[in-house]
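Structure first, commentary second.
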There are 2 protein chains.
Amino acid sequence: MAHRTKLTVAYLGGSFHGWQRQRDRRTVQGELERALAVMTGGLEAAIVGAGRTDAGVHAAGQVAHLDLPSPIPPEGIVRGLNGLLPDEIRVRAAAQVSTDFHARRSARGKLYSYRARWRPSPLPWLGLRCAVVQPISDLRALARAAALLAGRHDLASFTVPEAADEPTVRTLHRVWIRGRRDGLDLHFVGDGFLRYQVRRMVGALLDVGRGQLAHADFERLLAEPRPGAAIRTAPARGLTLERVFYRGTSLLDELALDGRRHDDDR
Amino acid sequence: MAHRTKLTVAYLGGSFHGWQRQRDRRTVQGELERALAVMTGGLEAAIVGAGRTDAGVHAAGQVAHLDLPSPIPPEGIVRGLNGLLPDEIRVRAAAQVSTDFHARRSARGKLYSYRARWRPSPLPWLGLRCAVVQPISDLRALARAAALLAGRHDLASFTVPEAADEPTVRTLHRVWIRGRRDGLDLHFVGDGFLRYQVRRMVGALLDVGRGQLAHADFERLLAEPRPGAAIRTAPARGLTLERVFYRGTSLLDELALDGRRHDDDR
């Protein structure tokens with residue numbers, strides 16, 4: 001009988017070739033599975049993530065599940081894995097869950113944040129999750145285009161042809177922008193995200209804010225969905241998977257309770 | 001005629017084998033001199049630091065000077081070097097100074113901070129400058145021992161025999177401790193610091209706080225100075241050179257003006 005455990009995991013993406021296990025490359029899933037094998041004395045369990053973040057993308061609250069042949073107390077799993085993992089990956093929490101729970105299939109939504117800055121931070125321990133980009137000149141135009149994204153749309157233009165065989169109609173529940181001293185944070189809550197979607201949405205929005213992409217052309221990306229449309233992809237370094245939402249809590253309730261957390265600049 | 005320039009530099013120590021240039025090893029001085037050579041088309045100028053931080057030790061405000069054969073505007077030096085340096089080193093400021101100024105010999109004092117934590121941060125981008133250590137049980141005992149350090153003393157016990165040929169009588173102008181949620185920050189302002197001094201003072205103080213070193217034995221480290229005394233060296237990761245002080249400003253005025261900066265947890 002499997003003892004299913006849910007993990008909440010944070011990582012600094014710059015140190016890894018993305019989430020997904022790869023032969024001969026350091027990945028988050030690979031490091032977690034390796035730590036689990038050491039901790040359990042050889043158990044080769046697959047760790048199933050809620051989503052596969054790309055190389056360089058960070059997570060504050062990625063969720064994964066795994067099945068253990070015999071129960072280990074959640075606190076022991078957190079300490080055991082963290083003792084074996086590199087500093088750039090931290091298991092924040094573990095919980096025993098029913099085998100109905102599936103990190104990817106049970107997910108109802110995700111919160112991604114993108115931190116764009118016009119110049120590098122003068123302190124190297126800040127800004128590790130921020131991307132330095134060309135500044136914008138028209139925040140109002142950017143916000144007007146961002147408002148078009150909320151709702152249910154075919155978002156194929158914001159992915160690439162290789163990834164467009166999955167359904168491309170998705171709902172963005174909430175999109176919001178916050179000005180920072182030297183840049184902008186963009187937050188997206190949606191029921192699911194296509195490959196490169198957030199980075200391409202951000203790339204296009206920033207170009208609107210720079211006057212390099214007209215509002216009508218941005219509108220057309222939604223009205224005439226076309227995978228691989230010629231839009232800029234914002235750098236991976238600015239992107240963080242903040243949170244994965246599951247049944248039993250309201251997305252917006254969780255956000256309201258936890259609003260401050262998503263605004264931090266670190 | 002030399003155009004002397006003062007640099008203020010921040011770095012994350014974990015990525016380097018300390019400040020001092022070494023053949024075949026990545027060091028902060030080495031990276032700065034390499035970037036300078038590229039920026040100037042081959043100038044091989046030595047960059048003189050206020051002090052040599054050890055491998056793993058961070059800086060928020062290390063100071064250095066260099067001589068240029070022809071003037072470059074400070075803003076150009078900051079941008080030029082930052083464009084060539086790794087993310088883990090940032091030039092925070094540059095200024096033209098008179099050739100009387102010497103980063104090491106003109107320094108009047110330094111502020112070092114040590115961030116000790118009882119457990120790792122659950123978010124890997126926090127705590128990069130914190131060391132995880134065994135918790136203490138008696139903060140009052142630790143504070144009582146720390147109070148002995150302020151003033152002028154022979155601090156030879158807090159260095160190692162190899163480093164004890166320089167004068168070991170130094171003044172600690174101010175020592176203060178601040179409790180943090182999961183640990184302790186210890187701050188030291190002094191006129192000069194011996195090799196390993198802060199990490200050995202912190203190692204001994206934490207042992208007092210754990211009841212593993214008696215107050216009387218701590219007192220004896222000062223009363224009977226002995227290089228290489230058997231005391232614990234706290235991990236490099238927790239130590240940051242926050243600031244170097246020069247003539248023309250009062251140390252305590254600067255600290256009062258800038259108090260909040262030294263307390264940040266990031």
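The values are calculated or read from the model by the stated rules, or taken from the named source; none is laboratory data. Predicted model only: the values in this text are computed from it and were never measured. FYI the Cβ positions are ideal-geometry reconstructions off the backbone, even for glycines, and counts take in every protein chain you see. Calculation scope for accessible area: heavy atoms of the full protein, side chains included, ligands and nucleic acids excluded. Shrake-Rupley method; radii C 1.70, N 1.55, O 1.52, S 1.80 Å.
For (1) within 13 Å of another protein chain (Cβ to nearest Cβ); (2) touching a residue at least 24 places away in the same chain (Cβ under 8 Å); (3) open to solvent by 20 Å² or more (accessible area, probe 1.4 Å); (4) not in a loop (DSSP other than H, G, I, E, B), each residue gets a yes or a no:
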position: B:H17; (1), (2), (3), (4): no, yes, yes, no
position: B:A35; (1), (2), (3), (4): no, yes, no, yes
position: B:R52; (1), (2), (3), (4): no, yes, yes, no
position: B:V91; (1), (2), (3), (4): yes, yes, no, yes
position: B:R104; (1), (2), (3), (4): no, yes, yes, no
position: B:L111; (1), (2), (3), (4): no, yes, no, yes
position: B:P120; (1), (2), (3), (4): yes, no, yes, no
position: B:W125; (1), (2), (3), (4): yes, no, no, no
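Exactly one condition in (1) within 14 Å of chain A (Cβ to nearest Cβ); (2) touching a strand residue (DSSP E or B) at 6+ places or on another chain (Cβ under 8 Å); (3) open to solvent by 40 Å² or more (accessible area, probe 1.4 Å); (4) among the aliphatic types (A, V, I, L, M) is not met by B:A143; state its number.
Single failed check for B:A143: (1).
Please enumerate the residues belonging to segment B:55-89 that are polar (S, T, N, Q) and away from chain A (no Cβ under 13 Å).
B:S70
Looking at (1) basic (K, R); (2) part of a strand (DSSP E or B); (3) within 14 Å of another protein chain (Cβ to nearest Cβ), find the lone condition where A:R4 falls short.
Checking A:R4 against (1) basic (K, R); (2) part of a strand (DSSP E or B); (3) within 14 Å of another protein chain (Cβ to nearest Cβ), the one that fails is (3).
Quick one: in segment A:146-156, of everything that is within 16 Å of A:V208 (Cβ to Cβ) and open to solvent by less than 30 Å² (accessible area, probe 1.4 Å), which residue is nearest to the other protein chains (Cβ to nearest Cβ)? First the steps, then the outcome.
The first filter runs over segment A:146-156 and keeps only residues within 16 Å of A:V208 (Cβ to Cβ), leaving A:146-150.
Okay, now just the ones that are also open to solvent by less than 30 Å² (accessible area, probe 1.4 Å), so A:146, A:149.
Working: A:A146: 26, A:L149: 27 Å.
That would be A:A146.
Answer yes or no: is there a residue in segment A:75-89 that is out of contact with any helix residue (DSSP H, G or I) (no Cβ under 9 Å at 6 or more places or on another chain), in a strand (DSSP E or B) and within 16 Å of A:L7 (Cβ to Cβ).
The answer is no, given that none of the residues of segment A:75-89 is out of contact with any helix residue (DSSP H, G or I) (no Cβ under 9 Å at 6 or more places or on another chain), in a strand (DSSP E or B) and within 16 Å of A:L7 (Cβ to Cβ).
List the number of the failed condition for B:D100; all other conditions in (1) more than 14 Å from chain A (Cβ to nearest Cβ); (2) open to solvent by less than 20 Å² (accessible area, probe 1.4 Å) hold.
(2)
If you go through segment A:70-86 one residue at a time, do you hit one that is of a type in the set (S, T, N, Q), farther than 20 Å from B:L126 by Cα and open to solvent by less than 20 Å² (accessible area, probe 1.4 Å)?
Within segment A:70-86, not a single residue is of a type in the set (S, T, N, Q), farther than 20 Å from B:L126 by Cα and open to solvent by less than 20 Å² (accessible area, probe 1.4 Å).
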